[in-house]
Amino acid sequence: MNAVAIELSIVFVDLFPKYLEERTLYISTKYQTASHLCPCGCQEEIVTPLSPDDWQMTYDGRTVSMQPSIGNWGLACRSHYWIRHNIVDWAEAWTDRQVLIARNISSPKKHSGISRVMSPYERSAPVQREMSRTMSLWSKIVSLFSMRG
Ligand SMILES: [Zn+2]
């Protein structure tokens, strides 16, 4: 496991770019979602919805921290880390048992203080689908405007 501390650049956007840059945390307050490439280098896109029941983001004017930790047990790398003041703070990789426990605990509206589990396939797919629909609608509106102008 990669144990080198990685500092993320913070970029506030309305819409996420099609291709994310490595070591960059994109934050859309408009869609209450953050997105970044898995810091292990596997290039998987991690989408973290921001809400009291998902992840909470703290922005101190310069750096961003996220609560709880991000456990990508659905990925081959199974990376698990905190984002604290822009720094990727590696936590232990998930074991199958931990995944099962966290999965059972992380029912909606229940705060346990234990890392929330996410799978890019199960959890974030609806969010992404919703966002890309919004994005294509928005790009249609934009192109309408630019045709007129
Ligand atoms: Zn990874």
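The values are calculated or read from the model by the stated rules, or taken from the named source; none is laboratory data. Quantities reported herein were computed from a predicted structural model and do not represent experimental measurements. All Cβ positions, glycine included, derive from the backbone under ideal geometry; neighbour counts span all protein chains shown.
Which one of Arg129, Arg97, Arg62, Arg148 is over 21 Å from Thr24 (Cα atoms), surrounded by fewer than 13 Cβ atoms within 10 Å (Cβ to Cβ) and at pLDDT 60 or above? Walk me through it before giving the result.
Numbers: Arg129 fails: at pLDDT 60 or above; Arg62 fails: over 21 Å from Thr24 (Cα atoms); Arg148 fails: at pLDDT 60 or above.
Unique residue meeting the criteria: Arg97.
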message = Given (1) in a strand (DSSP E or B); (2) surrounded by fewer than 17 Cβ atoms within 10 Å (Cβ to Cβ); (3) aromatic (Phe, Trp, Tyr), identify the lone condition not met by Tyr26.
response = (2)
request  = Kindly indicate the residue of the range 37-65 that is free of Cβ contacts under 8 Å to residues at least 40 places away in the same chain and within 16 Å of the ligand (Cβ to nearest atom) and also farthest from Ile10 (Cα to Cα) among those meeting that condition.
outcome  = Cys42
request  = Return only the number of the condition from (1) assigned to a strand (DSSP E or B); (2) more than 16 Å from the ligand (Cβ to nearest atom); (3) modelled with pLDDT under 95 that Lys18 does not satisfy.
outcome  = (1)
inquiry  = Quick check on Thr24: is it at pLDDT 95 or above, touching a strand residue (DSSP E or B) at 6+ places or on another chain (Cβ under 9 Å), of a type in the set (Val, Ile, Thr) and within 16 Å of the ligand (Cβ to nearest atom)?
reply    = yes
